[in-house]
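Here the structure is laid out as structure tokens; the discussion comes afterwards.
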Amino acid sequence: MNVNAQPTAQAVVEGKTILSIKNLESYYGPIMAIRGASLDVREGQIVTVLGANGAGKTTLLKTISGVMDPEKGQIFYAGQNIAGANPDKVVRLGMVHVPEGREVFPLLTVEENLKMGAFTRSDADGVARDEEMVYGYFPILAERRKQAAGTLSGGQQQMLAIGRGLMAKPKIMLLDEPSLGLSPILVKEIFQIVRRLNKEQGVTIMLVEQNAKVALEVADYGYVMELGRIVMADTADRLLASKDVQEFYLGVVEETQRGQKRWKQKKTWR
Ligand code: ATP
């Protein structure tokens with residue numbers, strides 16, 4: 001397989017495109033972190049972006065949500081090019097970014113954190129309904145609603161960060177590494193809820209992950225990023241079955257001649 005190829009027609013999935021990124025380039029001073037990335041997210045899907053540490057996944061999400069300005073390229077969303085737009089405007093257009101490391105307001109209560117997520121809204125009844133909707137998905141947050149967010153466990157803070165994102169009533173949620181630092185059981189629980197939010201609330205999800213297995217199990221479509229470029233694109237099922245992805249990310253073992261298993265050596269894409 002030519003892993004350096006850009007997404008091909010064969011890999012295209014049905015559905016309307018909600019977000020389309022073309023030839024994006026982003027820098028930290030002289031460091032080029034995104035090197036001409038292009039990708040599409042279809043409405044109603046969970047699309048994952050996989051990649052090793054430092055591949056540029058977080059930078060990609062920051063550039064899409066307006067936290068960082070790109071040097072070049074376009075980000076088409078809601079009928080316009082939002083490249084370089086204010087994060088505030090991006091939220092008002094229905095896109096929320098749940099950053100890596102949760103970043104809840106530690107001194108505010110759970111309830112206050114959720115209300116902060118609704119800062120763009122003026123429909124008090126709708127906000128109150130959505131707060132209850134969040135508690136429905138994350139009952140532990142309802143129990144802790146008067147507790148300071150900084151005293152919650154890591155998993156509870158991740159739930160709160162997702163819940164706060166939901167309070168903006170997003171059409172699309174950019175989710176950065178929700179599995180980071182959590183136990184496998186908690187990761188499973190959070191990913192099941194993410195899938196339910198996608199199906200039941202109709203929120204399109206762009207999910208950045210290093211944990212390829214769990215991400216591909218919930219996703220419809222996936223991209224692999226390396227050194228600021230998209231090096232692979234396919235349906236999640238095909239990526240999960242792909243030998244390259246298995247060897248690189250899933251630690252799949254192969255049989256030796258004597259029938260013993262050994263770990264395959266990690267390979268790079270080029
Ligand atoms: P991780 O999962 O470890 O966060 P990532 O795929 O999200 O990795 P990024 O955090 O987007 O990767 O980093 C992409 C590149 O940009 C890396 O080479 C990184 O060292 C660099 N980088 C990230 N943040 C900064 C920064 N604030 N200043 C300078 N360089 C940065």
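The values are calculated or read from the model by the stated rules, or taken from the named source; none is laboratory data. Bear in mind that the values here come from a model prediction, so they are computed numbers and not experimental data. Backbone-built Cβ (ideal geometry, glycine too); neighbour counts: all protein chains shown.
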Original post:
Does region 123-173 hold any residues that are crowded, with 17+ Cβ neighbours inside 10 Å and assigned to a loop (DSSP other than H, G, I, E, B), and which are they?
Top reply: 138, 144, 152, 167, 168, 169, 170, 171
Subject >> Selection count where residues are assigned to a helix (DSSP H, G or I) and within 15 Å of the ligand (Cβ to nearest atom), scope region 190-213 >> reply: 1
Subject >> Candidates 84, 101 - the one that is over 30 Å from residue 139 (Cβ atoms), surrounded by fewer than 15 Cβ atoms within 10 Å (Cβ to Cβ) and touching a residue at least 12 places away in the same chain (Cβ under 8 Å) >> reply: 84
Original post:
Which one of the conditions (1) in contact with a strand residue (DSSP E or B) (Cβ under 7 Å, 6 or more places away or on another chain); (2) surrounded by 13 or more Cβ atoms within 10 Å (Cβ to Cβ) does residue 120 fail to meet, given that it meets all the rest?
Top reply: (1)
**OP:** Kindly provide the set of residues from region 41-81 that are closer than 21 Å to residue 197 by Cβ, out of contact with any Asp or Glu (no Cβ under 8 Å at 6 or more places or on another chain) and surrounded by 18 or more Cβ atoms within 10 Å (Cβ to Cβ), ordered by number.
**Re:** 41, 64, 65, 77
Original post:
Only one residue in 71, 43 is more than 9 Å from the ligand (Cβ to nearest atom) and in contact with a Phe, Trp or Tyr (Cβ under 8 Å, 6 or more places away or on another chain), so which one is that?
Top reply: 71
Subject >> Odd one out for residue 101, checked against (1) within 16 Å of the ligand (Cβ to nearest atom); (2) in the same structural domain as residue 198 (by TED's automatic domain parsing) >> reply: (2)
Subject >> Any chance residue 62 is closer than 26 Å to residue 156 by Cα, outside any loop (DSSP other than H, G, I, E, B) and more than 16 Å from the ligand (Cβ to nearest atom) >> reply: no
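To keep it simple, each residue is scored yes or no on (1) more than 12 Å from residue 46 (Cβ to Cβ); (2) at pLDDT below 95.
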| residue | (1), (2) |
| --- | --- |
| 197 | no, no |
| 206 | no, no |
| 211 | yes, yes |
| 214 | no, yes |
| 219 | no, no |
| 222 | no, no |
| 234 | yes, no |
| 237 | yes, no |
